[in-house]
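What follows is a short report on a single structure.
Each value in this text was obtained by applying a stated rule to the coordinates, not by laboratory testing. Note that the coordinates shown come from a computational prediction; the quantities given were computed from them, not determined experimentally. Note: ideal-geometry Cβ built from the backbone for every residue, glycine included; neighbour counts use all protein chains shown.
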Amino acid sequence: MKIAVLPGDGIGPEIVAQAVQVLNGLNLGLEMTEAPIGGAGYEAAGDPLPEATLQLAKEADAVLLGAVGDWKYDKLERHLRPERGLLRIRKELNLFANLRPALLYPELASASTLKPEVVSGLDIMIVRELTGDIYFGQPRGISTLENGEREGINTMRYNESEIKRIGRVAFDIAMKRSKKVCSVDKANVLETTELWRQVMIELSAEYPEVELSHMYVDNAAMQLVRAPKQFDVMVTGNIFGDILSDEASMLTGSIGMLPSASLDANNKGMYEPSHGSAPDIAGKNIANPLATILSAAMMLRYTFNDEANATRIEDAVKKALADGYRTADIYTEDTKKVSCSEMGAAVLAAL
Ligand code: NAD
């Protein structure tokens with residue numbers, strides 16, 4: 001079992017180190033090799049996705065990623081910026097399905113900005129399409145019109161097969177959960193998502209046990225903070241999923257708790273926390289490593305089909321929380337504030 005470990009920038013190296021330590025604690029004989037990506041890739045090889053890193057990722061069974069990005073790279077040409085490395089590796093590995101569970105640990109009910117009764121028991125799986133939509137559609141760019149004014153263009157596009165394959169992922173996951181899928185679109189305004197809705201309805205015929213509902217994205221954004229427990233599996237396109245999954249993360253207390261998996265058609269995957277590189281707290285050893293540790297658990301579950309060890313990691317995280325350990329982002333009175341590495345050690349000890 002080969003894992004490409006790509007720590008990236010900002011807090012990436014700090015949080016990935018904790019996840020690697022937890023994976024090593026399981027003694028599974030995993031072969032882990034590190035390589036630079038993002039700003040670190042640019043510094044090492046002048047490219048946010050160096051060729052050697054891409055090769056390593058292609059040859060691995062799974063990729064464990066920290067995060068990329070730093071304000072200091074904002075002035076680089078667009079293709080050299082760290083985020084481009086991330087978009088490219090997703091595309092190169094054909095990782096079209098992004099799974100983002102938003103699960104509230106009972107111990108963290110008071111860390112959410114929402115009332116405990118609104119979020120307690122929350123367990124949502126957001127399935128986001130990751131390789132299409134307005135983030136990749138052509139034409140794109142900034143051009144100058146004849147009158148000298150500048151114009152920015154991006155194109156929202158989805159074809160039927162792209163919609164169908166992400167829909168299938170959502171329906172399959174729903175079959176293992178409570179058999180409810182809510183498809184989020186903007187079919188009243190955008191033709192691309194009108195097609196999205198039609199294809200989801202057609203696909204649902206293959207899953208008679210699953211209850212399919214539809215919601216416009218603006219309403220979904222509102223319902224997520226009004227009554228989030230109405231949702232089980234949500235499936236949506238790239239841009240809507242990007243925004244809704246960050247919103248959902250806050251229901252769980254902190255974006256530092258949210259893991260993610262990005263899968264190809266054969267369950268090869270890249271696993272990373274849903275948050276970014278948090279340059280504001282990088283190097284201080286105060287970041288929350290749990291989203292990355294939980295991403296490693298998802299790796300065992302989805303790529304290596306090892307439910308037992310995935311659950312062991314998740315139980316160890318629960319135990320560390322139940323024992324009162326909290327990084328600064330989830331700290332509340334009467335709990336023990338710990339650093340990033342101390343939280344990693346607490347999970348390892350629980351394991
Ligand atoms: P961010 O997620 O990095 O940070 C948002 C806020 O959440 C910050 O206040 C940060 O301190 C906090 N935070 C994030 N992760 C945390 C953790 N594990 N523990 C505690 N607090 C945490 O988003 P941003 O500030 O908008 O972006 C920062 C950089 O990250 C940018 O360069 C952006 O492009 C990049 N980014 C990368 C990814 C990725 O690699 N997948 C995703 C989003 C943003």
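Are there any pairs with C-beta distances below 8 angstrom linking a residue in the range 301-320 that is closer than 14 Å to Y105 by Cα to a residue that is aromatic (F, W, Y) and surrounded by 17 or more Cβ atoms within 10 Å (Cβ to Cβ), with the two at least 6 apart or on different chains, and if so which?
From residues that are closer than 14 Å to Y105 by Cα, the pairs are V317/Y105; K318/Y105.
State all residues of the range 147-184 that are among the hydroxyl-bearing types (S, T, Y) and within 18 Å of L95 (Cβ to Cβ); if no residue qualifies, say none.
Y158, S161
Find the strands (runs of 3 or more DSSP E) located wholly in the range 213-296 whose residues include 3 or more that are more than 14 Å from the ligand (Cβ to nearest atom), and list them.
The strands (runs of 3 or more DSSP E) meeting that bar are 233-236.
I'm told E129 meets every condition in (1) touching a residue at least 12 places away in the same chain (Cβ under 8 Å); (2) within 15 Å of the ligand (Cβ to nearest atom) except one. Can you identify the failing condition by its number?
Evaluating E129 over (1) touching a residue at least 12 places away in the same chain (Cβ under 8 Å); (2) within 15 Å of the ligand (Cβ to nearest atom) leaves (2) as the failure.
Enumerate the strands (runs of 3 or more DSSP E) found wholly within the range 137-195, keeping only those where 2 or more residues are out of contact with any Phe, Trp or Tyr (no Cβ under 9 Å at 6 or more places or on another chain).
Output list reads 141-144, 150-153.
Restricting to strands (runs of 3 or more DSSP E) lying wholly in the range 1-70: which have 1 or more residues that are within 16 Å of the ligand (Cβ to nearest atom)?
Hits in the range 1-70: 2-8, 62-67.
Would the range 265-276 turn up any residue that is surrounded by fewer than 17 Cβ atoms within 10 Å (Cβ to Cβ) and hydroxyl-bearing (S, T, Y)?
no
Run K75 past the list (1) within 16 Å of the ligand (Cβ to nearest atom); (2) more than 17 Å from the chain's Cα centre (by Cα); (3) without any contact (Cβ under 8 Å) to a residue 40 or more places away in the chain; (4) not in a loop (DSSP other than H, G, I, E, B) and report the number of the one that doesn't hold.
Of everything listed in (1) within 16 Å of the ligand (Cβ to nearest atom); (2) more than 17 Å from the chain's Cα centre (by Cα); (3) without any contact (Cβ under 8 Å) to a residue 40 or more places away in the chain; (4) not in a loop (DSSP other than H, G, I, E, B), K75 misses just condition (4).
So which residues in the range 300-324 are of a type in the set (A, V, I, L, M, F, W, C) and either within 16 Å of the ligand (Cβ to nearest atom) or outside any helix (DSSP H, G or I) (or both)?
Those that are of a type in the set (A, V, I, L, M, F, W, C) and either within 16 Å of the ligand (Cβ to nearest atom) or outside any helix (DSSP H, G or I) (or both): F304, V317, A320, L321.
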